[in-house]
Each structure stands twice: as structure tokens, then as C-alpha cells.
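Inspection log for the structure reproduced underneath, given as C-alpha cells.
The values are calculated or read from the model by the stated rules, or taken from the named source; none is laboratory data. This structure is a prediction, so every number in the text was calculated from the model and none was measured. Note that each Cβ is placed from the backbone with ideal geometry, even for glycine, and that neighbours are counted across all protein chains shown. When the accessible area is computed, the model is the full protein with side chains, heavy atoms only, and any ligands, DNA or RNA have been set aside. Shrake-Rupley method; radii C 1.70, N 1.55, O 1.52, S 1.80 Å.
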Amino acid sequence: MTIQRPPSAPVEAPHLERQLSNRHIQLIAIGGAIGTGLFMGSGKTISAAGPSVIFVYMIIGFMLFFVMRAMGELLLSNLHYKSFSDFAADLLGPWAGFFTGWTYWFCWVITGIADVIAIAGYSQELWPGLPLWIPGLVTVAILLLLNLTTVKAFGETEFWFALIKIIAIAALIIVGLFMIFSGFSSDAGPATFSNLWSHGGFFPNEFMGFVAGFQIAVFAFVGIELVGTTAAEAKDPEKNLPRAINSIPVRVLLFYVGALIILMSVIPWTQFAAGHSPFIAMFSLAGLGAAATVVNLVVLSSAMSSANSGIYSTSRMVYGLAQEGDAPVRFGALSRRKVPQNALFLSCVLLLAGVVLMYAGENIGKAFEMVTTVSAVCFVFVWSIILASYIAFRRRRPHLHAASKFKMPGGVPMVWAVFAFFAFVLWTLTTQPDTLTALLVTPVWFIILGAAWFVLRRRPAHLARYQAFQDELRSEQDGASGRQAVDSL
């Protein structure tokens, strides 16, 4: 007997609209792969690992590519999946959708609050004396207005934000290559590729220095899965999602590895330090006096991009949770523009906490360093759930895997290899006191979620909405099977 939806969740509810074109999806994917950490945090990574940081970024990018391929195969196996929390709920059980959706929401809310604080800080460097609360409030208001209009407005904004990052990195590579091939020299020495190995070799800080690179660099990849939350609003997802996912290795090689090779060739790695942007250092060496202002503007736009992505992804995730009965039903409502406005308001209200925290005291920087580490550990959990869902998919839906046109390379053995890598990453977090503290604090979030799930899981409204969600997925699977049968005739 089929359980009917409660009256508060009408059967003929409006759906998210597919307004994100190929160029939007491509640039959203690039924006997710290039974090603010590349512009400001890479100084700390280089000083810890030396030139071996090149291999660190390559290995992390390589491993996360398989997470993205697994996510792509699953999303395309049923076009009723709105995001990875949907296929987690379907394949692993309703608990997985609940834990994944709310954990991903938590990750982006924390990251968004940190971004609002960063935007306020960079704004003050550009306009000294500006009260911190002004850029904080203005940022939240702008992002809310952009996301309330249509999903296309979000896609357009993110397109231009990502383009600014690409232009900045391309400018760094072009200027750096010119300095290397023109025989440029400075107080730091000549600009030459030999700087990569002539200051202690590729592994100057030995194995533990290499390990420290992973501990820091993995945070730079937070958001790489963002394209997975656009699945329900992408035009022609069967063509556009594979394109965006398959271009990840090229992006990592160009934007991370390429930029770092140029930076450490122009300036020996020993000259870099935590808290100082390598981009500003190189442009300043090149005699570009406005480098600090330009890079500050780029970092400002990068932080805006991250906060914009955070508002988008958290609102869609809460919308999906409401559809499955894991969040209050009011968050499953769409505006006339087919935007989940109640979920958007929730995200923006929480981002305002960043404005309050800016006045909380001198230790706020350290507190946020720990909180964002907790957020990154939670991202590793989300990536792991994607892989666990893939294993369940292969076991429970072998016919859909066989029919897939976008199979994950390496299959299940590669999944276990990536799990082993994640275990290694978690171990690296135990090697430093600050990240170890964050790692030990993280289980508190899952205890809170576990308590909430224990209360929610037996409620009739939750069971009814989850049943309706399952019925909708089955209707799509039956339709897909019918289409495949017709195609084979």
C-alpha cells in the first residue's frame, strides 16, 4: 500500500528548473576547484612541503577525480536525483541522506561565515577605516538578491567570479614564464626552473614535510563536488555534467600544479611563508606596483564566489532534505521563480553570524581556523558517502551500471584505493596539534545529528515524504528502463 503525502506537501509541487547552461556548469566546476586557499593559503603549503607540494596537489586531484566520476555515474543513473544526498538516501538508506545533506549544509554554512569575515577583512585593506559590519551586511544582501531572482542569475554571477580567478592564474603563469625565459633576476636570485630542485631537492623537509602538505592542501579542494548540487538545474545534464567532471584533471594540472611550478621557479620555495600571498610576492618582483591591490580584489571576488556557492548549495541541500522529510516542509517550498526562497533565507540569516563574530575578540582567527578544519573533515565524510553509495549502486542496480554511458574508471577496486587515501589524510591531521583538536571535536557534530535522526526517523510525516520520494525515483527508473528497451529495438 502506497503512503500518501501529507496535505502540507502537495503532490503537484513545482520543481527546480533546468536553467544552467554548459558554460555555467563548466565555470561553476572550475570555481569549485579553485579555492581562495590557492591565492592566500599556498604560501603555508609551500613552506611546509617545499617543491614536493606539486605532487601533493596532483595526488589529491587524482583521487578526487574518481569521487567525481562516481558521483557523475550515480547522478546520471536517475535524473530525479537532485544532488548526492538524494542518491545516498536511495542507495544507503534514509539515514545516509539525512547525515549527508545536513553535514554538507553545515560545511558550507561554516565556510560561508568564514568567507564573510574574509571579505570584510580584505575590504578594510582596500578601504582603510571602513567598519567591518558594512561589507559583511552588504555581501549577504547582494548574495541573497542574486540567488532570489533565478538560478540563471546565480550561474551568471558564478561564471564571472570564476573567470576572474582563471584570468588571475593565467596572468601569473604568463608573467612568470616571461620572467624565466628572459633571464630575470632579483634579490631572491635568478628566475629559473632549477629553483625547483636546487634548494634541498624536491623533498627538502623529508617525509613529514610531504605529509604536512596533504594536511593543508586537501582544504583547497573543498567545493570540487559543487557541480553535483547543480544536477537538478542543469540543461542537458547527460552531456554537461560529464564534460565538467572530465575536465577536472586538466584544471588541477593547469591551475594548481602549473601555478605552483611557476611560483617556485621565479622565487625559491624558501622565500615563502604562511600568511603571505605568493601571488602578491611574484607580481611585486615583476615590478607591478598595483599587485597588492589587484590580488586583494581577486581574493575578494574568490571569497564572494565561495560564499555565493555556499548560499546556493546549502539552499538546494535543505530543499532536497525537505522533499525527503528530513527538514521542515516549509523549506521544500519554491517561489514563483522556482527558487527555494525559505531555504535561502535560512542560509543568509546564518551567514549574518559572521558579522557578529567579527566583533567577538582577538582569537576569532584561531577559532575559525579550527572550525574550517572541522568543515574540511566533514567534506571528507561527504566524499566518502558518495563512494559508499557507488558501491551500493554496483551491488543493487547492476543493470543501471551496465547501461551507463559514464562509468567510473577503475570501478569498486578504485573506490577502496580512494578510501585508503582518505584514511591517510585523516592520519595526517593527527600530526599537528591544531588539526588534531579539530579532528577530535568533529564527532560532536555527528552525535548531534544522530540524536536528531533518532527523534525524526519514526515520525509519520517523515515516513510519508520519504515514501513519496522513493515512488518518484521508481517512476523515473521505470521510465528510463522503458526508454532503454525502445532504444535497443
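When a/c reaches 1.5 or more, the comparison of a/b and b/c decides; with that in mind, is region 153-208 rounded, prolate or oblate per its Cα gyration tensor?
Working: a/c = 4.55, a/b = 1.76, b/c = 2.58.
Verdict is oblate for region 153-208.
How many nm separate the modelled label positions at Thr149 and Phe55, each set 7 Å beyond the Cα in the direction of the Cβ?
Output for this residue pair reads 4.8 nm.
Amide H to amide H, which residues 5 or more places from Ser186 or on other chains are under 5 Å from it, using H placed in the peptide plane?
Ala191
Would you work out which of Pro433, Phe406, Trp453 lies farthest towards the positive end of the dipole of region 377-485? Charges go on Cβ: Lys and Arg +1, Asp and Glu -1.
Among Pro433, Phe406, Trp453, the one farthest towards the positive end of the dipole of region 377-485 is Phe406.
Arrange the peptides 406-416, 106-116 so that the one whose residues have, on average, the most other Cβ atoms within 10 Å appears first.
On the way: 406-416: 14.7, 106-116: 24.9.
Final packing ranking: 106-116, 406-416.
Each residue of region 106-123 in order: what ³J(HN,Hα) in whole Hz does its phi give by Karplus 6.51 cos²θ - 1.76 cosθ + 1.60, θ = phi - 60°, with x for Gly and Pro?
In residue order, the calculated couplings are 4, 4, 6, 5, 4, 4, x, 4, 4, 5, 4, 5, 4, 4, 4, x, 5, 5 Hz.
Pairs to check: Lys152/Lys407; Lys165/Lys407; Lys82/Lys405; Lys82/Lys165; Lys152/Lys239; Lys44/Lys407. Give those whose C-alpha atoms are more than 26 Å from each other in this structure. Write down the numbers at each step before the final one.
Details: Lys152/Lys407 29 Å; Lys165/Lys407 31 Å; Lys82/Lys405 19 Å; Lys82/Lys165 28 Å; Lys152/Lys239 18 Å; Lys44/Lys407 37 Å.
Over 26 Å Cα-Cα: Lys152/Lys407; Lys165/Lys407; Lys82/Lys165; Lys44/Lys407.
For a test of the definition: using alpha carbon positions, the gyration tensor, and the 1.5 limit on a/c, classify region 132-230 as rounded, prolate or oblate. Before the final figure, lay out the partial values.
On the way: a/c = 2.63, a/b = 1.86, b/c = 1.42.
In terms of gyration-tensor shape, prolate.
Under a 1.4 angstrom probe, counting protein chains only, how are His462, His399, His80 ranked by accessible area, largest first? Spell out each step's value before the answer.
On the way: His462 5, His399 110, His80 55 Å².
Largest to smallest exposure gives the sequence His399, His80, His462.
Please give the solvent-accessible surface of Tyr81 in Å², to the nearest 10, using a probe radius of 1.4 Å with every protein chain present.
My reading of the accessible area for Tyr81 is about 0 Å².
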